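Engineer: Below are the structure tokens for one structure; questions will follow.
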Amino acid sequence: MTERKTDAKLDDYLSGNSQLSKAYRDGAEEVPPTQLDSAILLRAREHAEQIKARKSSPWWSIPFLHGGPFGSNWALPTALASIVIVVGLVVLVEPALDAVDQAERSLLAPPADITDPASAASQPGEKKFGRDSRVQDSSRGAGVPSPAPASRVAQPLLEPVPRAPATQAAPKRRTASSNLEFKLEAPQDAPLNPAGRTASEDTVQASSARAALNSLQEESPTDSRDIEKRQALDGFRKAERNRQRFDERRARIASERTRLGEVVRQDGGQNAARLERIRALIDDGEIRLARTILEALLQDYPDLRVPPDISAALSIQ
Amino acid sequence: MSNDSIADETLMLRFSAGDAQAFEALYARHKGGVYRYFTRQCRQAIAEELFQDVWMRVVTTSASYRVGARFTTFLYRIAHNRLVDHFRSVGRRPETTVGNDEEGLLETESDIELAPDIQASRQELANQLKHCLDELSDPQREAFLLREEAGLGVEEIAQATDVGRETAKSRLRYAVISLRRCLERLS
């Protein structure tokens with residue numbers, strides 16, 4: 001009850017017309033010294049001038065550049081220099097990367113079993129495809145990577161298709177740059193193919209191969225799609241080659257480690273250095289000296305297991 | 001258009017856009033209140049220092065000013081924080097209670113309006129009121145000053161002093177009652 005009455009009086013006071021407020025306002029006459037006013041107003045004017053100057057300043061003097069770690073007069077020159085460096089690096093490095101890529105391609109020639117039939121046919125012991133060949137990749141001359149759709153293209157064409165009639169050799173739908181385009185030709189005088197099939201069987205098979213090829217070409221009617229496929233296949237093939245090389249290297253390293261471990265275990269590591277020395281001599285061409293040392297070593301350690309590479313190099317049984 | 005009829009918030013936004021005259025108008029409106037807010041709670045020299053700090057802070061934070069409340073709430077919140085920092089730096093601990101005589105005050109059926117028997121002259125009454133203000137606890141005095149100097153309501157006093165509404169209301173209520181009793185005693 002008392003509190004409610006007090007609240008009512010408080011509300012009355014808050015209305016602003018109480019005698020208490022009037023009494024307070026009568027005595028509220030103090031004001032800050034003029035020096036203080038001047039100092040504060042001067043600082044405010046300076047601040048306002050700074051804001052105006054910032055608004056009218058050019059774009060490169062934006063506040064975050066001035067406030068941040070790069071905030072200085074060097075911001076613009078640094079940015080330009082960075083751009084020049086990046087462009088220069090791109091110009092200089094790109095040709096080098098191309099050269100490396102070309103060298104890698106030449107070194108890592110695709111294995112015949114996953115490339116086009118023409119290269120597959122060039123393997124020793126196999127029938128050569130040339131002017132009188134049965135299958136020829138017309139895209140090779142254009143410098144376009146050969147396709148690797150072994151399951152769809154190379155597979156049926158890897159089958160020997162001799163004695164295909166010349167009249168059926170040229171499918172109607174062909175594009176000059178298509179890597180899927182093959183000429184099917186066969187010498188008329190080939191009696192039997194390596195598989196022992198007759199000419200009629202071969203003709204049927206060649207026709208089916210051609211039909212498969214044509215259907216594949218219909219699936220990719222435009223050059224751009226061919227190029228996209230070719231690029232995808234090329235990338236796949238490259239990755240496959242890299243994987244194979246990696247596996248080979250890993251296997252070789254593992255075998256070398258195993259072999260060295262065996263040698264070291266055999267004689268507590270004492271002969272390992274000698275065998276390495278022998279191997280170094282072999283590498284230097286000092287075959288006779290290497291053989292002499294090895295013979296001496298074998299006399300001391302008849303049970304020594306000579307590593308296969310050393311025995312092969314020194315012709316030791 | 002004169003700056004006198006423009007709202008505080010608009011003037012502050014203009015100043016944040018680089019209008020120095022807007023700040024001058026703002027300063028003219030509120031310099032006395034802020035100054036007295038400090039002089040009623042600190043010594044003169046300290047009050048001037050705190051007063052200058054508050055306005056410097058208003059200047060430097062003008063770029064980030066957004067209209068979320070009344071400008072006076074914004075201004076006196078800065079003043080309150082600066083005062084609290086000062087109290088902490090000198091080891092003075094602002095009282096957080098409304099006083100030990102709360103119960104007695106609640107039992108008193110005091111009239112918040114000054115009694116008719118207070119016949120002192122207005123100036124004398126004002127002087128007595130200043131003396132009575134010194135007897136208030138820090139939070140009560142601050143609440144009363146925020147009401148009188150800044151014209152803040154209970155809700156805004158709560159915001160400026162970072163307390164709940166009921167706390168602010170209670171402080172203001174007991175400040176008024178204590179001042180009334182003090183004036184009665186002095187007269």
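The values are calculated or read from the model by the stated rules, or taken from the named source; none is laboratory data. Given the structure is predicted, the values throughout are model-derived calculations rather than measurements. Glycine gets a Cβ as well: all are built from the backbone with ideal geometry, and neighbour counts include every protein chain shown. When the accessible area is computed, the model is the full protein with side chains, heavy atoms only, and any ligands, DNA or RNA have been set aside. Shrake-Rupley method; radii C 1.70, N 1.55, O 1.52, S 1.80 Å.
Engineer: So, by mean Cβ neighbours within 10 angstrom, what's the order for B:35-48, A:228-241 with the highest one leading? Kindly include the intermediate steps, with their values, before the conclusion.
Structural biologist: Numbers: B:35-48: 19.0, A:228-241: 15.4.
Ranking the peptides B:35-48, A:228-241 by packing returns B:35-48, A:228-241.
Engineer: Compute the separation of the alpha-carbon centres of the range B:128-150 and the range B:58-77 and state it in Å as a whole number.
Structural biologist: Answer, in whole Å: 24.
Engineer: Taking all protein chains together and a probe of 1.4 Å, list B:VAL58, B:VAL90 from the most accessible to the least accessible.
Structural biologist: Result, largest first: B:VAL90, B:VAL58.
Engineer: Report the accessible surface area buried between chains B and A, summing both sides, using a 1.4 Å probe on protein heavy atoms only, in Å² rounded to the nearest 100.
Structural biologist: So the buried area, both faces added, is about 4100 Å².
Engineer: State which entries of A:LYS55/B:LYS31; A:LYS22/B:LYS130; A:LYS9/B:LYS31 exceed 23 angstrom in Cα-Cα distance in the structure shown. Numbers along the way, then the final one.
Structural biologist: On the way: A:LYS55/B:LYS31 29 Å; A:LYS22/B:LYS130 13 Å; A:LYS9/B:LYS31 30 Å.
Over 23 Å apart, Cα to Cα: A:LYS55/B:LYS31; A:LYS9/B:LYS31.
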